[in-house]
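Engineer: Quick one: this structure, given as structure tokens, is what I'll be asking you about.
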Amino acid sequence: MVDMEPAVDKLEALFQKAESDLNYISLRLETEFSQQFSESCQDELNPIKLLKRINQAKQRFKSLSEEASCICSKQEEIKDVLTDQMLACQDLLRQLQKCAGLSVLDSNADEQFLRALETRLRIDTTSSEQSVHDEDKENNTSVDQTRGKQPQLETVTKPVSRGRKEFIAIDEKEFLSVSDLVRGRVKLADVNKVYEVLFQHFKKNKNSSSLTPKEMTKMGLKVTGATGEAKLKVLRALKVIEINNKGAVKMA
């Protein structure tokens with residue numbers, strides 16, 4: 001072990017010398033470029049400074065791209081929620097008019113456009129899922145046929161009655177009734193996993209306050225990121241949970 005120390009010291013000295021040489025070369029290169037371009041009054045063309053500006057622009061562009069993506073995602077969610085609420089209100093208004101013996105209001109151009117747009121989004125998403133998951137073709141076809149016969153959002157506006165004593169998993173029909181923009185890429189099994197953990201927690205801790213995303217993460221639930229948040233949003237759309245403005249969750 002003692003014989004190794006001189007070799008280690010020598011190797012360390014070589015590394016230090018190499019680092020010193022690199023620092024010297026970098027400083028000399030920057031100095032030469034600065035002198036060369038400052039003398040010709042073209043300091044803005046200095047390759048060293050241009051490289052720094054390019055790196056800064058890349059970081060700024062990355063930050064702006066992330067912000068734009070987040071804003072776009074939020075806009076899509078808001079648009080989807082507003083569309084669902086408007087169509088649900090229209091359906092409820094017609095039911096009230098029918099019960100009251102009044103003339104039923106005909107659908108206007110705006111409502112027809114929203115229903116057509118929602119139907120097109122569902123069909124496009126279902127087609128893309130069929131190309132990736134060939135084994136689900138028959139199931140997706142039957143779901144599409146069912147959607148064509150029944151009013152959309154019926155399952156969302158009239159969720160399954162769930163008590164607090166027994167866990168009832170979300171079925172595929174309920175899951176597919178939620179807008180594709182809300183579901184994203186989340187899977188039914190993952191949604192039920194989160195739902196069951198939350199159900200058991202609040203069943204055991206009846207006086208427990210709302211769970212924050214950090215607390216849910218400690219419980220082993222993946223509820224962060226686009227896919228993680230989608231699990232909670234699906235449960236909220238089905239009236240299973242409530243989410244406050246800080247992202248904390250409690251049973252509905």
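Engineer: When you look at Ala226, is it crowded, with 19+ Cβ neighbours inside 10 Å and small (Gly, Ala, Ser), yes or no?
Structural biologist: No.
Engineer: Within the stretch 178-198, which residues are in contact (Cβ under 8 Å) with a residue 60 or more places away in the chain and either over 24 Å from Ile78 (Cα atoms) or part of a helix (DSSP H, G or I) (or both)?
Structural biologist: Result: Leu181, Val182.
Engineer: Further, regarding this structure: So how many residues does the stretch 241-251 have that are out of contact with any helix residue (DSSP H, G or I) (no Cβ under 6 Å at 6 or more places or on another chain) and part of a loop (DSSP other than H, G, I, E, B)?
Structural biologist: 4
Engineer: Report the residue count in the stretch 170-218 for those that are open to solvent by less than 50 Å² (accessible area, probe 1.4 Å) and at negative phi.
Structural biologist: 26
The values are calculated or read from the model by the stated rules, or taken from the named source; none is laboratory data. Model, not experiment: these values are computed from the prediction. Because the Cβ atoms are built from the backbone with ideal geometry, glycine has one as well, and the counts that use them run over all protein chains shown. Heads up: the accessible areas ignore ligands, DNA and RNA and are worked out on the full protein's heavy atoms, side chains in. Shrake-Rupley method; radii C 1.70, N 1.55, O 1.52, S 1.80 Å.
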